[in-house]
Amino acid sequence: MIRYYILQDDPTTAGNGSKVIGAFRNDTNEDRSLALEHDEVYCGACESAGKIVCVGPRLSDTFDGLEAALSDDICVCKCEPAPRLINTTQNMFQTVTTAEIVEKGGDFWLDIHPQNEQFTLRDQHTRRPLANVHYRIKTKSRTILQGVTDANGKTQRVATASLAALALEVIHQ
Ligand SMILES: [Zn+2]
């Protein structure tokens, strides 16, 4: 699965003007602050203030000690079930497809260039590209390609398949 980063003003499944209102920090994407766990969310369905709680599989990515909020994290308010956060941008995301990826690769961060379907592998904390890392790009059933990231941390381009079906696995040697 692909989980997208949540930003200030991103909505929730509750509708009625529900959105993240408490994200104010210097870490931004497209000039909007990244949302983190515990940030405040206005819920238009129950007309109360909710908080972001991080749920589901993720690659830990913390800012000031707090996990980045991802699509499908929940807004804990008075609603049952809790509304889920909806991303409005797609250029910053994590690919969390299998337990394998979590087990083997907790300590990296992915971003992607949607136009040319290429992964960039970065250090989770410094955001520096990770060169010379062995990787596999897989679908559910097979490995599409295998290689080593270049000096800029980039993988080869993937010409086929929908991105949502791809997983990147780091091979530790
Ligand atoms: Zn609510």
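The values are calculated or read from the model by the stated rules, or taken from the named source; none is laboratory data. The shown structure was predicted, so the numbers you read here are calculated from the model rather than taken from an experiment. Positions of Cβ are backbone-derived with ideal geometry, glycine not excepted, and every protein chain shown enters the neighbour counts.
Odds and ends about this structure:
- Against the list (1) within 16 Å of the ligand (Cβ to nearest atom); (2) under 25 Å from R127 (Cβ atoms), the condition Y4 fails is (1).
- Checklist (1) modelled with pLDDT under 50; (2) in contact with an Asp or Glu (Cβ under 7 Å, 6 or more places away or on another chain); (3) among the small types (G, A, S) applied to A131, failing item: (1)
- Count - residues of segment 67-97 that are crowded, with 17+ Cβ neighbours inside 10 Å, away from the ligand (no atom under 16 Å from the Cβ) and over 11 Å from the mean Cα position of the chain (by Cα): 1
- Failed criterion for R58 (all others in (1) in a strand (DSSP E or B); (2) within 28 Å of K138 (Cα to Cα) hold): (1)
- Picking from residues in segment 18-30 that are within 16 Å of the ligand (Cβ to nearest atom) and not in a strand (DSSP E or B), the one that is surrounded by the most Cβ atoms within 10 Å (Cβ to Cβ) is S18.
- Qualifying positions in segment 31-55 - more than 9 Å from the ligand (Cβ to nearest atom), outside any loop (DSSP other than H, G, I, E, B) and β-branched (V, I, T): I52, V53
- Among the residues of segment 19-73, the ones that are of a type in the set (F, W, Y) and over 16 Å from I86 (Cβ atoms) come to 2 in all.
- Number of the condition not met by S33 [criteria: (1) over 13 Å from the mean Cα position of the chain (by Cα); (2) buried (at least 21 other Cβ atoms within 10 Å of the Cβ); (3) under 20 Å from T126 (Cα atoms); (4) among the small types (G, A, S)]: (2)
- Residue match in segment 56-67 (condition: farther than 18 Å from R127 by Cα and of a type outside the set (F, W, Y)): yes
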